[in-house]
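> Dumping the structure here so I can ask a few things about it.
The values are calculated or read from the model by the stated rules, or taken from the named source; none is laboratory data. The model shown is predicted, which means the values in this text are computed figures rather than measured ones. Positions of Cβ are generated from backbone atoms using ideal geometry, with glycine treated the same way; all protein chains shown enter the neighbour counts.
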């Protein structure tokens, strides 16, 4: 590789990392429920992106590539096994994100109780703002699978998130608090 | 549209984003460079093993872990293909050993309304490594096909048993893990048809394998496959290469379509 090309690639990557990594961290945190886990997975995903930067930089959506990779890393059972010890040590320290209200913490807890694939769909749909089709593409799952996961996640969260409760009943709790 | 929910998610994500500094980009790049170097080292070891396999084997024997979920496969000299480390994934794989000649036993009966199970002697295996576009890589995948070489329709249902074999003809540590998130379905094979499964393995060493020589027990260029519910094995030339993670192989149940034609699995 030529020196100039290598420097340009480095600058490209650094700019990509600087402009996207915080956002991806927030998204992956929502998918994992642990900041330490998310931080590790995101760092590893960007390292892999750099490892094959010529390919990833030419990808239609490099940020989605990194997010998908980070998600896969975070749910990989293989990684969980090797990091169990580490995670154990960290528990209760780094995972405390300052600035969260009790409502926030309750929602993080509720999200943590649903399966990872459902949580991922919830985050991509309601936070990242992706359509069902887009999620289907990113997750490599059929549209119907995405719909099912979303419906199950909504149902599981219904007690916690009034907006997901039965359509016929008017929302109260969270709405009221937000308007106050 | 639950806007309030979205707002809460946004607040939480923002708090997580701001909770600490991001790692320096240079550190991330160094980690990527290290990964690249490790991968190159793995490839180098594969090449070295391919050349000098015999010298390497003495050491690897101590590292073997026995397969936990498939019957031990005794060495089967008659079924073993000559070791050729350079073999590319081939469209014309090793023919299955047909020592019994029993495959044609039912040829006389015109129609059998319920096709029976596919027997090992009526199947031929083939192994095709591939890469899903956009997939990051500590893992490698391959389509594993079993083709019905008899003139009778038969049925395959379930998972394969797999044993990794090196160029020296010796078994390598193998631990077959059956994926839990795909349902098993019967695959009916007319003569000449193929049932497919996916095999996934890790080619970068885990912490306790980093200093193994040859890396992770050495090169694998052949697999023994036991069809579902069968007891005898097929030998399949398979350019597997380095298998780390103590020989962990994740396998899918057999299906009609080639896994590489579908989307990559999400999650694990």
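> Say we look at the range A:22-37 and pick out the residues that are at the interface with another protein chain (Cβ under 7 Å from one of its Cβ atoms) and farther than 19 Å from residue A:61 by Cβ; which of these is modelled with the highest pLDDT?
A:29
> Looking at (1) more than 7 Å from every other protein chain (Cβ to nearest Cβ); (2) farther than 24 Å from residue A:129 by Cα, can you tell me which one residue A:14 breaks?
The number of the failed condition is (1).
> Quick one: is residue A:66 within 22 Å of residue B:5 (Cβ to Cβ) and either at pLDDT 90 or above or in the same structural domain as residue A:42 (by TED's automatic domain parsing) (or both)?
Spelling it out, it is not the case that residue A:66 is within 22 Å of residue B:5 (Cβ to Cβ) and either at pLDDT 90 or above or in the same structural domain as residue A:42 (by TED's automatic domain parsing) (or both).
> OK, next. Going through the range B:240-254 one residue at a time, which ones are over 24 Å from residue A:65 (Cβ atoms), touching a strand residue (DSSP E or B) at 6+ places or on another chain (Cβ under 6 Å) and in a strand (DSSP E or B)?
If the condition is that a residue be over 24 Å from residue A:65 (Cβ atoms), touching a strand residue (DSSP E or B) at 6+ places or on another chain (Cβ under 6 Å) and in a strand (DSSP E or B), then B:240, B:248, B:249, B:251 are the ones that fit.
> Being at the interface with another protein chain (Cβ under 7 Å from one of its Cβ atoms) and surrounded by 20 or more Cβ atoms within 10 Å (Cβ to Cβ) is the filter; apply it to the range A:50-67 and report the residue that is farthest from residue A:100 (Cα to Cα).
Top of the filtered list is A:51.
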